[in-house]
Amino acid sequence: MDTATDHKLIVQYKKSGDLNVLGELYKPYMPLVYGVALKYLKDEELSKDAVIQIFEELIQKVKTHEISYFKSWLYVVCRNHCLMILRKAQKNITISFDDVLMENEPFLHHEDSQEKEQKLKAMERCLESLNHEQKLSVDLFYLQQKCYAEVAALTGYELQKVKSYIQNGKRNLKICIEKNGE
């Protein structure tokens, strides 16, 4: 689908509320949604369910959001939906540090829950060891899922400083985990 067709269907759906129009908009993107869901959830049945659940979310969200590029907007909706499923499933164990964890060899092998708990505690201790700016920026960016601009607005730091604090905080966290998490 192209952007002009997407935009036309969005406008038509907002005016009419016709689910057939929304279905016409969504149908070409269902394989994309399924693929994104499968990437995050790693389960075919959960991913199939997510495709349906996301359509149900769109019934209200498309009416209330200003959408410039439907495909990228839908990707974000899908990603956020999957992250919420994972958060609920893991009962407050955040997945936001996956990229940090996966860069560390000790985290790559399967482990029992006691080892995992020790490593998560090590990560929490290491997070506490960061300086205030890095800790605040990393927390807002990874744990609270804020974008760079939102972190800058919330903290009052310049955007370039925020990026630097996050990058340095991530690096320092990785170093600390490698030293203390084993």
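The values are calculated or read from the model by the stated rules, or taken from the named source; none is laboratory data. Worth saying up front: this structure is predicted, and the values here are computed from it rather than measured. All Cβ positions, even for glycine, are placed from backbone atoms using ideal geometry, and neighbour counts span all protein chains on display. All accessible areas refer to the heavy atoms of the entire protein, side chains included, with ligands and DNA or RNA removed. Shrake-Rupley method; radii C 1.70, N 1.55, O 1.52, S 1.80 Å.
For this structure, a couple of remarks:
- Mean separation of Cα contacts under 8 Å (6+ apart) over length of the chain, as relative contact order %: 18 percent
- With R₀ fixed at 35 Å, the C-beta to C-beta distance from residue 144 to residue 14 puts the FRET efficiency at about 0.70.
- Ranked by the mean number of other Cβ atoms within 10 Å of their residues, highest first, the peptides 33-44, 59-70 fall in the order 33-44, 59-70.
- For the chain, the dipole from Cβ point charges (+1 on Lys and Arg, -1 on Asp and Glu) about the Cα centre works out to 500 debye, to the nearest 20.
- GNM top mover of 172, 131, 80 - the chain, alpha-carbon springs below 10 Å: 131
- Accessible surface of residue 48 - all protein chains present, 1.4 Å probe, nearest 10 Å²: 90 Å²
- The label-point distance for residue 167 and residue 83, in a model that sets each label 7 Å from Cα toward Cβ, rounds to 2.1 nm.
- Scanning the chain for cysteines with no neighbouring cysteine C-beta under 4.7 angstrom from their C-beta gives 78, 82, 147.
- Rounded to the nearest 10 degrees, the inclination of helix 30-41 to the longest alpha-carbon principal axis of the chain is 20 degrees.
- Solvent-accessible ranking of 85, 166, largest area first, probe 1.4 Å: 85, 166
- Whole-Å semi-axes of the chain's equivalent ellipsoid (Cα gyration tensor): 37, 21, 12
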